[in-house]
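Below is one structure, written out as structure tokens; the observations come after it.
The values are calculated or read from the model by the stated rules, or taken from the named source; none is laboratory data. These numbers were taken from a predicted model, which means no experiment stands behind them. Every residue, glycine among them, receives a Cβ derived from its backbone with ideal geometry; neighbour counts consider all protein chains shown.
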Amino acid sequence: MGGRSLKLFVASMMALALVASACASKKAASPGSTGTVDTNGGIVYSLDQEPTNYNVLTSDGNEFDMQAIIGRVWPTVFNVDANAKPFLDTGLMDSVTLTSTSPQVVVYQANHKAVWQDGVPFNADDFVYNWQAQSGLPQYTDVGGVAFDAASNAGYRQIKAITFSPDKFTVTTTYSTPFADWRSLFSTMAPAHIMSKIGWNKGLLAANVNKDTMISAGPFMFSSYTAGKDFILKRNPTYWATPSDLATVDFRFITDSSQVEPALANNEINASYPQPQLDLVNQLKAVPNVKLDERPGLGYEHLDFNEANPFLADVNLRKAIAMAIDRNDLIAKTVGQFATGIVPDNNHIYVPGQPEYRDNSAGPVTGTATGTATASATPAASAGPYDKANVDAAKALLTGNGYTITGTPPVLKNKAGKVVSLRIASTQGNKLRNSEEAYVINALAPVGITVTEKDTTGLGKTLSSGDFDMIIFAWIDTPYPSGNDPIFQTQVKDKTGTVTAGGQNYDSYSNPTVDALIRQADVELDRNKQADLYNQVDAVLWKDMITLPLFQKPTLLVYQTKYRNMVNNIANVGPSYNMDQWALTK
């Protein structure tokens, strides 16, 4: 998945009457090219995956590329700037105010001018519907009576009631328990009057997307969708706030990373946010009249283990696999070829550079976090068992737990005498990940594990269906640590099989200790105490070896210099967070 799309920085909640618009304000993007703006201009912007579900709020639609498309189509109460700080969309909202912390009450004042493109007001109906759909509460159901499939229930489940003024522009949310990351809620909002008819879960599957189902309350609206080719947006003439500078944005699907450079060089595309590859960065630097904006991201690459696989259900095998992989060497042979300062990531919740980051790979760490990625720099940290490859220790762990390793080349068999054979998957056409997969395959051969590569063209569908054994992808973080909740919470399904909790837990992982710590963290209003709780979660995740973090991902935005106001946003919203400000100069 391109990102922790819903894994949207925790801001202070000390003041009772905290007006949210006084938080981080919208930052101006880098100016780029100067000159007269062509208001009839457009841009072709490539994406590396084509979504299969265009409702980004569902478990299989929760992809980074889907967020890129929908971010300025559906309304967002709090957006996230290029420094990963939340800011209020003052075109949509007049104010958002935390009026009480006991009980927690947040009051939203919507702009009376805000409307969906079909003239229906944006109001309390949208707040109520989006809450119900993501609450995980059984009394609220989708079309046909099935449970809503939400990528995350975090925060929405804590809301016990929503009330509103007679005109429906003042909306009051009251919480049953506090929720520290309340600004993360209603960050993307689906149109209630449309989704309640076509269905939240499947109404925006690719085959159902058209001008009547994909409607806007943002600066851009649907223009056309051609499966396998592109998704085009156009300026929304009914948008009440500042209109977009560009007339059109054409999201072009280029799933083969090797085709990004020639497409840019041949003027087939004007901009891209590719996942940096072994050769791609140098190739792009050679293209004339383009700007490259490279930054460490809020995402991390990781190797996941699907515990639904009978072999991977054994924690000893998962740990042995992690022990056999030299992450420093993997970095040197892959991402380290073009990015400097990349080190193994030793945290599942925070990335190096965030003040809450701690190395918990050797066990829980207490004290003040440093935000650095070196074990010696974090309080009481020591070298963990996964800092470098130890094939002998991996073999000893396995044989000490009933496995046998025989023959040349070695073959690993479990206690039942079955040969351990696994698949590894990632996004098809991504050469960097192909290299990572090859590294893992070679690293596990000395342990006797046979691994077969089986890549996917639809990451969201592959993850949500569980059709993988091991898989490499990236979570892209948000300012809100509660965005991790649905990844590591126990997944709960209703009688129809619809996920009602743990919507991004694709690994069939369950640990009551993790569930309890997450519940504590969600209601903890003290930022330092909340970070300590999430670091305790991280320590348990290392103990259980549910997933092996590999490295913090670098990010790369490349665009032609004739465009301005484009900036690399390292959070889950990506560069398109301000695409209504993108401009083509004459």
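So here's what we get for this one:
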quantity	calculated
In the stretch 249-296, residue nearest to T226 (Cα to Cα) [restricted to those that are outside any helix (DSSP H, G or I) and of a type in the set (S, T, N, Q)]	T255
Selection count, the stretch 64-76, where residues are under 20 Å from L185 (Cβ atoms) and among the charged types (D, E, K, R)	1
Filtered residue count, the stretch 320-363, keeping only those that are buried (at least 23 other Cβ atoms within 10 Å of the Cβ), farther than 30 Å from N528 by Cα and of a type outside the set (A, V, I, L, M, F, W, C)	1
Exclusive hit being out of contact with any helix residue (DSSP H, G or I) (no Cβ under 9 Å at 6 or more places or on another chain), of a type outside the set (D, E, K, R) and within 24 Å of S59 (Cα to Cα), set V146, V107	V146
Search result, residues across the stretch 227-239 that are part of a strand (DSSP E or B) and under 25 Å from the mean Cα position of the chain (by Cα)	D230, F231, I232, L233
Candidates V343, V281, V351 - the one that is aliphatic (A, V, I, L, M) and more than 22 Å from D538 (Cβ to Cβ)	V281
Members of the stretch 74-120 found to be aromatic (F, W, Y), within 24 Å of the chain's Cα centre (by Cα) and in a strand (DSSP E or B), listed by number	F78, F87
From T172, T163, T188, T242, residue being under 27 Å from the mean Cα position of the chain (by Cα) and not hydrophobic (A, V, I, L, M, F, W, C)	T188
Helices (runs of 4 or more DSSP H) wholly inside the stretch 457-564 containing at least 3 residues that are over 30 Å from I43 (Cβ atoms), basic (K, R) and out of contact with any Asp or Glu (no Cβ under 8 Å at 6 or more places or on another chain)	527-544
Matching entry among L432, L422, L463, L412 (being modelled with pLDDT under 95 and touching a Phe, Trp or Tyr at 6+ places or on another chain (Cβ under 7 Å))	L463
So D149, is it under 26 Å from Y577 (Cβ atoms), part of a loop (DSSP other than H, G, I, E, B), among the acidic types (D, E) and under 22 Å from the mean Cα position of the chain (by Cα)	yes
The stretch 524-544: number of residues that are surrounded by fewer than 21 Cβ atoms within 10 Å (Cβ to Cβ) and touching a strand residue (DSSP E or B) at 6+ places or on another chain (Cβ under 9 Å)	1
Within the stretch 235-260, considering residues that are of a type outside the set (V, I, T) and at pLDDT below 95, the one surrounded by the most Cβ atoms within 10 Å (Cβ to Cβ)	S257
